[in-house]
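All remarks here apply to the structure that follows.
The values are calculated or read from the model by the stated rules, or taken from the named source; none is laboratory data. All values reported here derive from a predicted model rather than from experimental measurement. Here the Cβ positions follow ideal geometry from the backbone for every residue, glycine too, while neighbour counts run over all protein chains shown. Just so you know, the surface numbers come from the protein's heavy atoms only, side chains and all, with ligands and any DNA or RNA stripped out. Shrake-Rupley method; radii C 1.70, N 1.55, O 1.52, S 1.80 Å.
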Amino acid sequence: MAFAFDPARFFNGEGARFGHGAAIGIGYRAHGPDWCELDLPYAAQLVGDPESGVIASGPILTMMDMAASIAVWNRAGFTAHATLDLRVDYLRPATPGETLVGRGECYRVTHSVAFVRGVAHHGDPDDPIAHVAGTFMAPGGYHR
Amino acid sequence: MSGLPPYADLLGLTLEPDAEGAPVLLMPFGDPVVGRPGFLHGGAISGLLEMAAYMALVHELAGEADAGVKPINVTVDFMRGGRDKPTRARGTVTRLGTRVANVEASAWQDDPAQPIAGARMNYLVLRS
């Protein structure tokens, strides 16, 4: 049996204090057997365009990378893995002041590759800010 | 302050123009950009790549005061783990059209020929 990863415990523990996710303020919302939902509250330090106050695209990508990574662990158990590639479509600019919600889903796992997709939104998944597709690789293989 | 947007300051980015004056970005290793212990977070690498692509495009558009750009999408390939050392990135505008620009960016640590990650981006170019 694969070792279970508890995203709530991670984000309430060391994940909230150290590293890039903590630096940009990523928090935990919910998870299921093959998905994870994180959030990214608006913050002045995330702004990419000072004129409009719109946040940079980088923090959105970071949140979606983390949500997708945890989604893989939820489906296949915790194992060392790395993002192989990630594509983000920026459907519309994020609204200044509003929290972003990012939901990542793992829809397929093979021996060593996990396929993910996800959406970032401001509370309504049908009005998305960004759409994501990507793959992760586990050097030691996934437990399916 | 670096003169770069707040998010670039969060990543610790500084501008290091090359001999021709083209922008190269430097990101130091440190807690704000760490993922698993001892390695860069893929999101921080991506943020660096996107900023390098943006800077390259702005550099290319330098003569056009009224031109603005909006990212349409990005695809990032992660090739090697980012270790505990400085990372550099530069963007290359592969095509600058009237409405769309295609930009590539590459990030490396020791050797530009051994990138740790690369990105391809499409931008909407807005000329009023």
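Of everything in region B:88-105 that's touching a residue at least 12 places away in the same chain (Cβ under 8 Å) and of a type in the set (S, T, N, Q), which residue is farthest from the other protein chains (Cβ to nearest Cβ)?
B:T98
Yes or no, residue by residue, for (1) part of a helix (DSSP H, G or I); (2) under 21 Å from B:R80 (Cβ atoms); (3) under 15 Å from the mean Cα position of the chain (by Cα); (4) among the basic types (K, R):
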{"site": "A:M63", "(1), (2), (3), (4)": "yes, no, yes, no"}
{"site": "A:L84", "(1), (2), (3), (4)": "no, yes, yes, no"}
{"site": "A:R87", "(1), (2), (3), (4)": "no, yes, yes, yes"}
{"site": "A:G97", "(1), (2), (3), (4)": "no, no, no, no"}
{"site": "A:I129", "(1), (2), (3), (4)": "no, no, yes, no"}
{"site": "A:G134", "(1), (2), (3), (4)": "no, yes, yes, no"}
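Could you list, ordered by first residue, the pairs with Cβ atoms under 6 Å in which the first is in region B:51-77 and within 9 Å of chain A (Cβ to nearest Cβ) and the second is surrounded by 15 or more Cβ atoms within 10 Å (Cβ to Cβ) and of a type in the set (K, R), at least 6 apart or interchain?
Every condition considered, the pairs that remain are B:T75/A:R87; B:T75/B:R120.
Just to be sure before I move on: is B:K85 in contact (Cβ under 8 Å) with a residue 12 or more places away in the chain, more than 12 Å from chain A (Cβ to nearest Cβ), of a type in the set (K, R) and open to solvent by 50 Å² or more (accessible area, probe 1.4 Å) in the structure I sent?
Spelling it out, B:K85 is indeed in contact (Cβ under 8 Å) with a residue 12 or more places away in the chain, more than 12 Å from chain A (Cβ to nearest Cβ), of a type in the set (K, R) and open to solvent by 50 Å² or more (accessible area, probe 1.4 Å).
Considering (1) surrounded by 13 or more Cβ atoms within 10 Å (Cβ to Cβ); (2) at pLDDT below 95; (3) under 25 Å from A:A68 (Cα atoms); (4) not hydroxyl-bearing (S, T, Y), say which one B:P37 fails and leave the rest.
Unmet for B:P37, out of (1) surrounded by 13 or more Cβ atoms within 10 Å (Cβ to Cβ); (2) at pLDDT below 95; (3) under 25 Å from A:A68 (Cα atoms); (4) not hydroxyl-bearing (S, T, Y): (1).
Name the residue, out of A:G104, A:G58, that is of a type outside the set (F, W, Y) and more than 8 Å from every other protein chain (Cβ to nearest Cβ).
A:G104
Out of region A:21-55, which residues are open to solvent by 10 Å² or more (accessible area, probe 1.4 Å) and either charged (D, E, K, R) or in contact (Cβ under 8 Å) with a residue 60 or more places away in the chain (or both)?
Result: A:R29, A:D34, A:W35, A:E37, A:D39, A:D49, A:E51.
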